[in-house]
Amino acid sequence: MLRTMATKRKSKGAYMISAVAEMYAIHPQTLRLYEREGLLRPSRSDGNTRLYTDEDLERLEFILNLARDLGVNIAGIAIVLQMRERMEEMNRQMQGFVDFVRTEMLTRVQQQQAPQAGLVPLRRKIVTKE
């Protein structure tokens, strides 16, 4: 179901509520309910018209997949979306940590491979027994 919905969008831009409702075969009141419940956050035009971006539509497709295909209620959808956002944030933090460690390791390897500029090697007298 999710794939067929994704193919309905071909261009980038912002879509009004009536166009989105028609594209996904849902009532505009359903979109308003999703917004009231905090599941969707469309932007607004100067005239206060809801404008749905491609990101909003991707999120709507995810919501509809949960609701239609999996039978998840609005409270459950909210929990799933919160968990998904937390996981994405944790993933971003983990990627930042991995990047930091990689940079540190490369810096240390380069420091070890670079000649020790400015250092004079000590010469020891070799003592031989005769």
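Coordinate-derived values only; no laboratory data. Owing to the predicted nature of the structure, the values given are computational and were not obtained by experimental measurement. Glycine also receives a Cβ, built like all others from the backbone with ideal geometry; neighbour counts cover every protein chain displayed.
Among the residues of the range 28-41, which ones are under 19 Å from E85 (Cα atoms) and in contact (Cβ under 8 Å) with a residue 24 or more places away in the chain? Outline the logic, then answer.
Here is the first cut: in the range 28-41, the residues under 19 Å from E85 (Cα atoms) are 34-41.
The answer is Y34, E37, G38, L39.
Can you pull out the residues in the range 25-63 that are in contact with a Ser or Thr (Cβ under 9 Å, 6 or more places away or on another chain) and of a type outside the set (D, E, K, R)?
If the condition is that a residue be in contact with a Ser or Thr (Cβ under 9 Å, 6 or more places away or on another chain) and of a type outside the set (D, E, K, R), then P28, P42, S43, L51, Y52, T53 are the ones that fit.
Quick one: E85 ticks every box in (1) acidic (D, E); (2) assigned to a helix (DSSP H, G or I); (3) closer than 18 Å to G13 by Cα except a single one, so which number is it?
Against the list (1) acidic (D, E); (2) assigned to a helix (DSSP H, G or I); (3) closer than 18 Å to G13 by Cα, E85 comes up short only on (3).
Please specify each residue of the range 46-57 satisfying the condition of being in contact (Cβ under 8 Å) with a residue 12 or more places away in the chain and of a type outside the set (A, V, I, L, M, F, W, C). Walk me through how you get there before you give the answer.
Residues of the range 46-57 that are in contact (Cβ under 8 Å) with a residue 12 or more places away in the chain, as a first pass: 49-54, 56-57.
Scanning the range 46-57 gives T49, R50, Y52, T53, D54, D56.
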